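Visitor: Structure incoming, see below.
The values are calculated or read from the model by the stated rules, or taken from the named source; none is laboratory data. Values in this document were obtained by computation on a predicted structure and should not be read as measured data. Methodologically, a virtual Cβ is constructed for each residue, glycine included, from the backbone with ideal geometry; neighbour enumeration extends over all protein chains shown. Ligands, DNA and RNA are excluded from the accessible area calculation, which covers all protein heavy atoms including side chains. Shrake-Rupley method; radii C 1.70, N 1.55, O 1.52, S 1.80 Å.
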Amino acid sequence: MSEIIRMEKINKSYRMGEESLHVLKDISFVVEKGDYLTILGPSGSGKTTLMNILGCMDTFDSGTYQFEDIELDKCTNNQLSWIRNRKIGFIFQKYNLIPQYTALQNIIMPLLIRGMSRNEAVKKADETISLVGLSDRVLHKPNELSGGQQQRVAIARALVTEPSLLLADEPTGSLDSATGKDILALFQKLNDNGNTIIVISHDSKVAGQSKRVISIFDGKMAV
């Protein structure tokens, strides 16, 4: 297996008035292609900051972060944006769908932004739409879909660009327990198909569905 992510001794602090808050402390781990990892921790543990760094939405103060063969501490903002948009598929707790767009329009939007024609984008999206079980709901807008269906739209939108990594932030946090189980079953299916997944969660039941768990408390990885 080949490495997608290697983090070594990542540190991150924020200025809080006259003081500095040390949020991440010497975080080190590796993610291989085809892995399914949960980063587990309570509120305030630093897991959201770690997620933002993983997703190239925030920078770090010291240490090294290599994504595939790219050393991110040497990247410009434009290069980080390219990695974020081309290499990482984001799945959010609140779905982040465009309310006036249909499910199909939401799913193909990343492809249109890249300059693909609508016909090409729809054709490329067909397989993803079928995979997440939305073939009969693609012309519905988000307010016409259940929470689980909206999350499936968000997953399809993340998948359609064929990213190297799926990064999911509390993906079942807004769902009832039964629907949450359905979404986790879909994640398992995606991982079985070869997708690399990192889930950020405070829920040990969510973590129990993944292949590996990294626990983080007070900015440190639990040993």
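Visitor: Using a 1.4 Å probe and counting only protein heavy atoms, arrange His202, His22 so the residue with the most accessible area comes first.
Guide: His202, His22
Visitor: Before I look further, what does the chain give for accessible area per residue, probe 1.4 Å, in whole square angstrom?
Guide: Dividing the accessible area of the chain by its residue count gives 50 Å².
Visitor: Considering only protein heavy atoms and a probe of 1.4 Å, how much of the accessible area of the chain is carbon and sulfur, as a whole percent?
Guide: Looking at the chain in its full context, I get 47 percent from C and S.
Visitor: Report the Rg/Rh value for the chain, based on alpha-carbon coordinates and the Kirkwood definition of Rh.
Guide: Answer for the chain: 0.97.
Visitor: Give the percent of DSSP beta bridges with both residues in the chain that are antiparallel, rounded to the nearest 5.
Guide: About 55 percent, rounded to the nearest 5.
Visitor: With a 1.4 Å probe and all protein chains in place, put Met116, Met57 in order of accessible area, largest first.
Guide: Largest accessible area first, the list is Met57, Met116.
Visitor: Loop only by DSSP, 13 or fewer other Cβ within 10 Å of the Cβ. Give me the trypsin sites (Lys or Arg not before Pro) in region 74-153 that pass, ordered by residue number.
Guide: When the trypsin sites (Lys or Arg not before Pro) of region 74-153 are filtered for loop state and at most 13 Cβ neighbours within 10 Å, Lys94, Arg114 remain.
Visitor: Round to the nearest 0.05 the FRET efficiency obtained for Ser204 and Arg118 when R0 = 35 Å and r is the Cβ-Cβ distance.
Guide: Efficiency, rounded to the nearest 0.05: 0.25.
Visitor: Could you sort Asp203, Asp176 by accessible area so the largest value comes first, with the probe set to 1.4 Å?
Guide: Asp176, Asp203
Visitor: Dipole of region 16-96, Cα-centred, from +1 at each Lys and Arg C-beta and -1 at each Asp and Glu C-beta, to the nearest 20 debye?
Guide: The calculation lands at about 440 debye.
Visitor: In addition: Taking Lys94 as the anchor, which aspartates and glutamates have their alpha carbon closer than 19 Å to its alpha carbon, excluding any fewer than eight residues away along the same chain?
Guide: Straight-distance partners of Lys94: Glu144, Asp169, Glu170, Asp176, Asp182, Asp203.
Visitor: Which aspartates and glutamates have a Cα lying under 15 Å from the Cα of Lys33, excluding residues fewer than 8 positions away in the same chain?
Guide: Glu3, Glu68, Asp69, Glu162, Asp192
Visitor: Taking the chain as the reference, fit the longest principal axis to its C-alpha atoms, fit the long axis of helix 103-113 to the helix C-alpha atoms, and give the angle between the two in degrees, 0 to 90, nearest 10.
Guide: 60
Visitor: Under 20 Å between alpha carbons, and skipping anything fewer than 8 positions from Lys9 in its own chain: which lysines qualify?
Guide: Leaving aside lysines fewer than 8 places away in the same chain, those within reach of Lys9 are Lys25, Lys47, Lys74, Lys220.
Visitor: What whole number of Å gives the distance from the Cα centroid of region 22-65 to the Cα centroid of region 142-215?
Guide: Between the Cα centre of region 142-215 and that of region 22-65, the gap is 18 Å.
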